[in-house]
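Structure first, then comments.
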Amino acid sequence: MAETNASEPIIRCHAVNKWFGNFHVLKDVDLDVMPQEVVVIIGPSGSGKSTFIRCINRLEEHQEGQIIVDGIELSHDVRNIAAIRSEIGMVFQQFNLFPHLTVLDNVALAPRYVRRQPRRTAEEIALQLLERVGIPEQARKYPGQLSGGQQQRVAIARALAMQPKIMLFDEPTSALDPEMIKEVLDVMKQLAQSGMTMLVVTHEMGFAREVADRIVLFDEGRIVEMGTPEHFFTNPQHERTKLFLSQIL
Amino acid sequence: MRGPYTDPSVYVAPSEAPPSRRPPITSVGPLGWLRANLFSSKINSAATILMGALVVWFLWGFLSWSVRSAQWGVIYHNLRLVTSGLYDRREIWRMELVAGILTLLSGLGLGVWGRVSRGVFIAVLVILLILVVVPVLAARVPEPTIYLLVEPQRAPSDFVFVGLRGQEASFAFDPLTDAQDTDERLLGFVENQSRTEWAIRAAEARAGDLDLGQYNLAVTLRLLDRQGKPLTPQAGSAPGDFAGGPAGGTLSYTLPADGWYVLEVRRDDSVNGAAGDNAGYAWIRVQGVETFASQEAAAQARAEQFGAPPAVERALFADENSYRFEGARSVAEFFSLQVAPLFSRIAMPCFVGALLFFNGWVIGVLGKREKAVRRAVLGGWILSAPAILIILRGFEGSRALPLVPTSVWGGLLLTILLTVVGIVASFPLGVALALGRRSELPAIKWTCTLFIETVRGVPLITILFMAKQIVPFFWSALSGLDLTIRMMIGVTLFSAVYLAENVRGGLQIIPHGQIEAARALGLNPPLTMTLIVLPQALRAVIPAIVGQFISLFKDTSLVAVVGLFELVGIVDRIVSGQTIYRPYQREAYIVIAVIYFVISYAMSDVSRRLEQSGAGSIRRL
């Protein structure tokens, strides 16, 4: 595994193309992400932004182009995929917690079975992570007994338990009640401040403005505009960007 | 009243919410429950009353039949056959050993992993108490009358019985000299041949074809002890003399010691002149004499206690098999005649079982925290399966454990064995087939699909016949395989394909997000399957799987058609093979139905508990 170098991009995507059947979802997407960078991806539904970040940990397979994560190129080699997945944590819109396991087991599962940590160590780390996301007292409950916001925070803790270098967020707040969005965004902000490399697909413009180093706008499978939040919210260039921002702000 | 509104356009609630009040009495508690559930509408009330009446009517009919006239002896006289079939009688201790092992292991398991509520504990004690108390109380219920018919065609038999010291036995001689005597309702044990004979003669007398008034029997009754020494004077001296004339009388005697007695019944043909001149019918009513279970039991147990029965030329033993109960029993008689014999048979095994279970439970509870104890119990359970099979089967040529071929295993033993083997073997096979059918590799997928659809399209009975005859014909290696084992394989395959379809249904409801989340965490496909998908999928289909196992349990009865005597087969053999039990098919099959029901219900109860236990949050995916 390559040594992480602060001046080298940790994720390099070059001319990524993907089709669902005949439908061209991603068209020549180029994106480099630096270590500790927070990149927020916005765009209308169906623009390919979720598909793009799912390609980065190989939940979707791209057909053309190159994706290199931490010096490892994504290919059909199963070992590469496993190595990359253990470097990348992912948080889903629908949380996807394991309903048959307690919160603690949800968080400790992957370290125990993938990293082969002893049960006690894994659970200690899991408890620390639950404390970090602010719900240590829910450790013995089942996901079904938690509110949406709490579930999503557990999902973040679960992803962090593998000590990933990169975190992917796929619309983490879209399935939440308005009152719960803030608690999740707070955890994400805290995570960004701690220096985590993050790729976030979201519609939360406040979060993008405050936390993002870079904002990327996707439309029809390609990157339409990319820039700092300041650039994006004060001086957008592309017509599509202007239209998109005018509709959601 | 308009409530708190004074100005209809503006309303601000007081800062404190009003205190909660109790709901009206008609909406909570038992009354509320009745109203809300059983009598909520006119149609509901009508349905409640109608169905309630129907159930009460049916239950009343069934209960009164089973208390008043049913003869459950067909089961409790044949407990050994019902539980273990034709299993070698001398080797029956092995069955008892196996039952003991399982009871002990169950106790240990419950102690280590389970919890017992105080209610269950008390219930067990109460049941044990009842098992003891009923036979003791039942001994105080007077014995019902025994009827023997004296008739002209058949030379009367001597009546052989076991008496206890101080028992007051009485023998009434009741000539039937009047057509009105045919109306007399019998209440008690009627000797089988007397019963059929009298049924014919009474009908003739009623039709006027037979004149009962032509009574001409000279009969002498005399009580003898085992050696044949007369205890009562013979004809001529009162009150034992019933010789000649339509006279009746009663012979009463207090028995001097425990042991065999004979009521000598002599018809003096010389008094009536030449043979054939005899006419008339008479009942001998025996009271205060206990009937015993069966002649077979008498030959063993009574012989040990009182020596061999006295040798008499034409003996009629006071065993229940020679008699049939007529008339309606009282509840007390039901307990003394039907319940007590069963209880006194099962009381001892129940006590030993309860003691073993309790010991196991105590050890389990005490050793719960020790890893070694937990491992030992788990190991014991795992080892028990081969151990039980070895104990039951034995070895060829062994003296301590001689071979008992599986072909003679039967009754409940075979039913449970087929079920347990079927469940244990078909579960992994079914899961594997379900995963195979969902495999991404077409070769595996198609093979599994073909297998599932083929077996599913064939009735179980056909599979069993195939296992018996066709398969060994094509594949000679299998013809040496034991029939019982071939049946196990047939039942297992049949159950596995249905299980596979149930499990496939469970796999389909697992959202794809679960698999994605597992993959994103770096879990490989086998781990994803065993840690994430299968636990949820199987839990979701517990009711269907247990339903499948229950029907497997009931379907094992089909092996009777290929010649194995499991529960249904052996009972069929009892009621159709032994003439004395032929009239009691209803009782026999009702008992089997109850056995099947109890076990099936226990299985579905376990399934309900499994569904509710632990992470029951599957519904809130």
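Below, the figures for the structure above:
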{"quantity": "Minimum 30 Å² accessible area buried by the other protein chains, region A:117-155 residues, probe 1.4 Å, relative to alone", "calculated": "A:142, A:144"}
{"quantity": "Cα pair distances in region B:6-152, grouped into 10 Å bins until the bin that holds the longest one, percent each", "calculated": "7, 12, 18, 22, 17, 10, 6, 4, 2, 1, 0"}
{"quantity": "Within straight-line cross-link reach of residue B:445, lysines at Cα separation under 30 Å, skipping those fewer than 8 residues along the same chain", "calculated": "A:18, B:468"}
{"quantity": "Placed amide H near residue B:143: partners under 5 Å, 5+ positions off or other chain", "calculated": "B:288"}
{"quantity": "Peptide-level mean, for B:509-519, of C-beta atoms on other protein chains within 10 Å", "calculated": "5"}
{"quantity": "Computed over chain B, the ratio Rg/Rh where both radii use C-alpha atoms and Rh is Kirkwood", "calculated": "1.10"}
{"quantity": "Amide H within-cut-off set for residue B:279, under 5 Å, with H built and near neighbours excluded", "calculated": "B:216, B:217"}
{"quantity": "Convex hull of Cα atoms in region A:60-100, direction-averaged projection (nm²)", "calculated": "4.1"}
{"quantity": "DSSP-loop chymotrypsin sites (Phe, Trp or Tyr not before Pro) across region B:27-92, with at most 16 other Cβ within 10 angstrom", "calculated": "B:39"}
{"quantity": "DSSP-defined antiparallel bridges as percent of all bridges, the protein assembly as shown, nearest 5", "calculated": "70"}
{"quantity": "Heavy atoms of residue A:14 accessible to a 1.4 Å probe, total area in Å² rounded to 10", "calculated": "110"}
{"quantity": "Shape category assigned to region B:526-598 from the gyration tensor of Cα positions, a/c cut at 1.5", "calculated": "prolate"}
{"quantity": "Residue A:10 long-range amide H proximity, modeled H, under 5 Å", "calculated": "A:33, A:34"}
{"quantity": "Per-residue HN-Hα couplings for region B:584-597 [Karplus 6.51, -1.76, 1.60; θ = phi - 60°; Hz; x = Gly/Pro]", "calculated": "10, 4, 4, 4, 4, 6, 5, 4, 4, 4, 5, 4, 4, 5"}
{"quantity": "Straight-distance crosslink candidates among aspartates and glutamates, where the alpha carbon sits under 18 Å from residue A:141 and sequence neighbours closer than 8 are dropped", "calculated": "A:105, A:123, A:124, A:131, B:611"}
{"quantity": "Two-decimal Rg to Rh for chain A - Kirkwood Rh, Cα set", "calculated": "0.96"}
{"quantity": "Estimated buried accessible area (total), pair B and A, 1.4 Å, Å² to nearest 100", "calculated": "2000"}
{"quantity": "Binned Cα-Cα distance frequencies in region B:404-621 - 5 Å width, integer %", "calculated": "1, 7, 12, 15, 16, 14, 11, 9, 6, 4, 2, 1, 0, 0, 0"}
{"quantity": "Average projected area [Cα convex hull, region B:84-160], square nanometres", "calculated": "10.6"}
{"quantity": "From the C-alpha gyration tensor of the protein assembly as shown, square roots of 5λ in Å", "calculated": "83, 33, 25"}
{"quantity": "HN-Hα J in Hz across region B:85-93 - Karplus 6.51, -1.76, 1.60, θ = phi - 60°, x for Gly and Pro", "calculated": "x, 8, 3, 3, 4, 6, 9, 5, 4"}
{"quantity": "Accessible surface of chain B [probe 1.4 Å, protein heavy atoms]: carbon and sulfur percent", "calculated": "64"}
{"quantity": "For region B:32-111 and region A:150-206, distance of Cα centres in Å", "calculated": "58"}
{"quantity": "Residue-normalised accessible area of the protein assembly as shown, given per residue in Å² at a 1.4 Å probe", "calculated": "51"}
{"quantity": "For region A:40-47, 3J(HN,Hα) per residue [Karplus equation, 6.51 cos²θ - 1.76 cosθ + 1.60, θ = phi - 60°, Hz, x = Gly/Pro]", "calculated": "9, 10, 10, x, x, 5, x, 8"}
{"quantity": "Between region B:331-375 and region A:98-126, the alpha-carbon center distance in angstrom", "calculated": "42"}
{"quantity": "Other protein chain Cβ atoms within 10 Å, averaged over every residue that makes up B:118-128", "calculated": "0"}
{"quantity": "Centroid-to-centroid separation of region B:426-482 and region B:546-578 [C-alpha atoms, Å]", "calculated": "23"}
{"quantity": "Sites residue B:63 and residue A:120, calculated FRET efficiency, Cβ-Cβ separation with R0 60 Å, nearest 0.05", "calculated": "0.50"}
{"quantity": "Accessible-area composition of region A:1-154, carbon plus sulfur, in percent [1.4 Å probe]", "calculated": "45"}
{"quantity": "Burial ranking of peptide ranges B:220-232, A:194-206 (average Cβ count within 10 Å, highest at the top)", "calculated": "A:194-206, B:220-232"}
{"quantity": "Per-selection Kirkwood Rh - region A:120-166 (Cα, Å, 1 d.p.)", "calculated": "10.8"}
{"quantity": "Region A:1-91 - convex hull of alpha carbons, volume per residue in Å³", "calculated": "101"}
{"quantity": "Rough spin-label spacing in nm, given labels placed 7 Å along Cα→Cβ, for residue B:38 and residue B:465", "calculated": "5.0"}
{"quantity": "Those residues of region A:50-99 for which accessible area with every protein chain present is at least 20 Å² below the isolated value (1.4 Å probe)", "calculated": "A:54, A:59, A:85, A:92, A:96, A:98, A:99"}
{"quantity": "Ordering of B:118-126, A:22-30, B:568-576 by packing [mean C-beta count within 10 Å, highest first]", "calculated": "B:568-576, A:22-30, B:118-126"}
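The values are calculated or read from the model by the stated rules, or taken from the named source; none is laboratory data. If you're wondering where the values come from, they're calculated on a predicted model, not measured in any experiment. All Cβ positions, glycine included, derive from the backbone under ideal geometry; neighbour counts span all protein chains shown. What goes into the accessible areas is simple: the full protein's heavy atoms, side chains included, and nothing from ligands, DNA or RNA. Shrake-Rupley method; radii C 1.70, N 1.55, O 1.52, S 1.80 Å.
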